[in-house]
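All remarks here apply to the structure that follows.
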Amino acid sequence: MFSRFIPGTLRQWHWVSSAVCLVGMILFAFTGITLNHAADIPADPERTTVEAELSPGMLSAIQNRSDGPLPVAVRRWLNDEHDISTPDSHAEWDEYEVYLGMPKPGGDAWLSIDLETGSFIYEDTDRGVISYLNDLHKGRNTNTAWSWFIDIFSVLCLVFSLSGLWLLARYARQRPSTWPLVAFGVIAPIILLVLAAH
């Protein structure tokens, strides 16, 4: 009974984990290629720049701050008046300027406000879809939810691989090429690494 239960359960884990991982594996395999050939893929970044001034009321609101995020009223005003969306994250304040960096997958954005005059510069750079997908692959400038997704996806890939290895071992007698192929899959990258090291 136990000997029947374990292989059956592993087969279920194998196909369920492969089904759940399907889209993620395609995404990570594709971006593995694009990351490996990043220098060969042309990128044409699109930049959006806004130069304007805060209203007197908004300038007064930030002149009364010295650290922390931008005041909510200022963030709302920027969004309503200039379509600039800013996060509730810590900004860099000094005597003359407040600077807010807003890195994101596939691009970057920043906002600099002069604390004396209220003039500000906002720049948003979009490096395209490939850059966006590459940053998702690396987990660069992503949120907590995506970080959790990568962790869960990695665990499911381990389940998929280890259950597949168990099934290979179970049916290896019926397929004589099983272990030579497994050995090749282990040895080939080691040989390539040794050759690359020298």
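The values are calculated or read from the model by the stated rules, or taken from the named source; none is laboratory data. The structure displayed is predicted, hence computed values, not measured ones. A quick note on method: Cβ atoms are made from the backbone with ideal geometry, for glycine too, and the neighbour counts reach across all protein chains shown.
With respect to (1) closer than 23 Å to ASN64 by Cβ; (2) among the aromatic types (Phe, Trp, Tyr); (3) touching a helix residue (DSSP H, G or I) at 6+ places or on another chain (Cβ under 9 Å), the lone exception for TYR96 is condition (3).
In the stretch 30-120, counting only strands (runs of 3 or more DSSP E) that sit wholly within it, the ones holding 1 or more residues that are closer than 22 Å to TRP146 by Cβ and under 24 Å from the mean Cα position of the chain (by Cα) span 97-101, 107-114. Taking residues in the stretch 75-90 that are under 13 Å from ILE62 (Cα atoms), and partners anywhere that are assigned to a helix (DSSP H, G or I), the pairs with Cβ atoms closer than 8 Å and at least 6 places apart or on different chains are TRP77/MET58. Checked against (1) over 24 Å from PHE160 (Cα atoms); (2) small (Gly, Ala, Ser); (3) part of a helix (DSSP H, G or I), SER17 passes all but condition (1).
Selection within the stretch 20-50: residues that are of a type in the set (D, E, K, R) and either closer than 30 Å to ASP80 by Cβ or touching a strand residue (DSSP E or B) at 6+ places or on another chain (Cβ under 9 Å) (or both). The member of this set that is surrounded by the fewest Cβ atoms within 10 Å (Cβ to Cβ) is GLU46.
Looking at the structure I just gave you, is GLU123 within 20 Å of THR49 (Cα to Cα), part of a helix (DSSP H, G or I) and of a type outside the set (S, T, N, Q)? So GLU123 fails the test. In this structure, SER119 does not satisfy being surrounded by 15 or more Cβ atoms within 10 Å (Cβ to Cβ) and hydroxyl-bearing (Ser, Thr, Tyr). Of the numbered criteria (1) in the same structural domain as THR31 (by TED's automatic domain parsing); (2) surrounded by fewer than 11 Cβ atoms within 10 Å (Cβ to Cβ), the one GLU95 fails is (1). Among the residues making up the stretch 130-179, a single one is touching a Pro at 6+ places or on another chain (Cβ under 7 Å) and at positive phi: ASN141. Within the stretch 155-162, is there a residue that is in contact with a strand residue (DSSP E or B) (Cβ under 8 Å, 6 or more places away or on another chain), touching a residue at least 40 places away in the same chain (Cβ under 8 Å) and assigned to a helix (DSSP H, G or I)? For the stretch 155-162, residues in contact with a strand residue (DSSP E or B) (Cβ under 8 Å, 6 or more places away or on another chain), touching a residue at least 40 places away in the same chain (Cβ under 8 Å) and assigned to a helix (DSSP H, G or I): absent.
Annotation: PHE184 fulfils all but one of (1) surrounded by 13 or more Cβ atoms within 10 Å (Cβ to Cβ); (2) of a type in the set (Phe, Trp, Tyr); (3) in the same structural domain as LEU35 (by TED's automatic domain parsing); the unmet one is (1).
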